1. For segment B:47-107, which strands (runs of 3 or more DSSP E) that fit wholly inside it have 2 or more residues that are surrounded by fewer than 18 Cβ atoms within 10 Å (Cβ to Cβ)?
2. In segment A:35-46, how many are facing chain B (nearest Cβ under 7 Å) and in a loop (DSSP other than H, G, I, E, B)?
3. For segment A:99-133, which residues satisfy the criterion of being open to solvent by 40 Å² or more (accessible area, probe 1.4 Å), touching a strand residue (DSSP E or B) at 6+ places or on another chain (Cβ under 7 Å) and in a loop (DSSP other than H, G, I, E, B)?
4. What number goes with the only condition from (1) free of Cβ contacts under 8 Å to residues at least 24 places away in the same chain; (2) farther than 20 Å from B:Leu49 by Cβ; (3) facing chain A (nearest Cβ under 8 Å) that B:Ile150 does not pass?
5. For segment A:47-73: of the residues being in a strand (DSSP E or B) and of a type in the set (Gly, Ala, Ser), which is farthest from the other protein chains (Cβ to nearest Cβ)?
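The values are calculated or read from the model by the stated rules, or taken from the named source; none is laboratory data. What you are looking at is a predicted structure, and each value in this text was computed from that prediction instead of being measured. In this analysis, Cβ positions are derived from the backbone assuming ideal geometry, glycine residues included, and neighbour counts consider all displayed protein chains. With ligands, DNA and RNA removed, areas are computed over all heavy atoms of the protein, side chains included. Shrake-Rupley method; radii C 1.70, N 1.55, O 1.52, S 1.80 Å.
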Amino acid sequence: MSNQDLKAQPKTPHAASTEEATKAENYFSPLVDIFETPEAVIVIADVPGVSQENVEISLDDNILTIHGKMTDQQPVGRVILEEYESGHYMRKFTVAETIDREKIEASLAGGVLKVMLPKQVPVQPKKIEVKMG
Amino acid sequence: MPIIRFAERAPFRNPWAEFERIRQGLDELSKNYGDRGRQQERSNVFPALNIYEQDDRLIVTAEIPGVSNQDLDISVEGETLTLKGKRENAVAKDTPVSYHRREIESGTFSRAVALPVKIDLDNLSARLIDGILTITLPKAAKATPRKIQILSE
């Protein structure tokens, strides 16, 4: 996998941004990897240009929302080449598993956001012993 | 009883009308693409670059999330800027995980760009913050515009 050449993937505008924004800002849908371990569901999202304090992650019912505000300033000057546009990031997911909300953790490093959603440990069924009368 | 006239001539058809219709269809198609014209001219070479020119310098920016400082190699030779690097997979290969979605790619990249002006090779700087690489390339003294004093007698 690691010998493969990287291809630039065009940024996809955020799908739900069909309603017009009041500000002329771009919203992109970040690329994600989502995988599951026995203990947790992990979401990794590429959000270049977003700093730690500008990430908002919320889990409302079972909708996980990742919202990143890009604050990096575009350099001034005459544009010679423009191959990408920068903008904010927004993406929502429906999480099927039951998540332990208290233990959700997120970290950001080098423009990559990692959200750990620990699965809720199922309540052990309690066995009721029937005593002889 | 309806009378069927077999002898009735088919209405005159302009043989070029069909071509005209196809041309219009193609025009419409290219117009739709035209709206996304900026998308079209993007290369799919990683990383995508933006280059800005200021009076005394060039600024090159690229979004390279997940690439660490150590894995990135930037060099300038003559008027060619080369970016090389690799992006590691976020998950170690031997960990057993089941993927729900897999959109982020890992791998190596190498890109060379020809710069429009000569660069002062001694004063280059690059920084990588939050996955955005910014390279500042000061122009060589020869290439910076020189103000010419006009002497009046």
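1. So the answer is B:72-77, B:80-87, B:98-102.
2. Number of matching residues: 1.
3. Within segment A:99-133, A:Ile104, A:Gln120 meet the criteria.
4. (3)
5. The extreme case among them is A:Ser58.
Yes/no per residue for (1) more than 8 Å from every other protein chain (Cβ to nearest Cβ); (2) under 25 Å from A:Lys7 (Cα atoms); (3) not aliphatic (A, V, I, L, M):
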| position | (1), (2), (3) |
| --- | --- |
| B:Leu49 | no, yes, no |
| B:Glu79 | yes, yes, yes |
| B:Gly85 | yes, yes, yes |
| B:Glu88 | no, yes, yes |
| B:Asp122 | yes, no, yes |
| B:Lys139 | yes, no, yes |
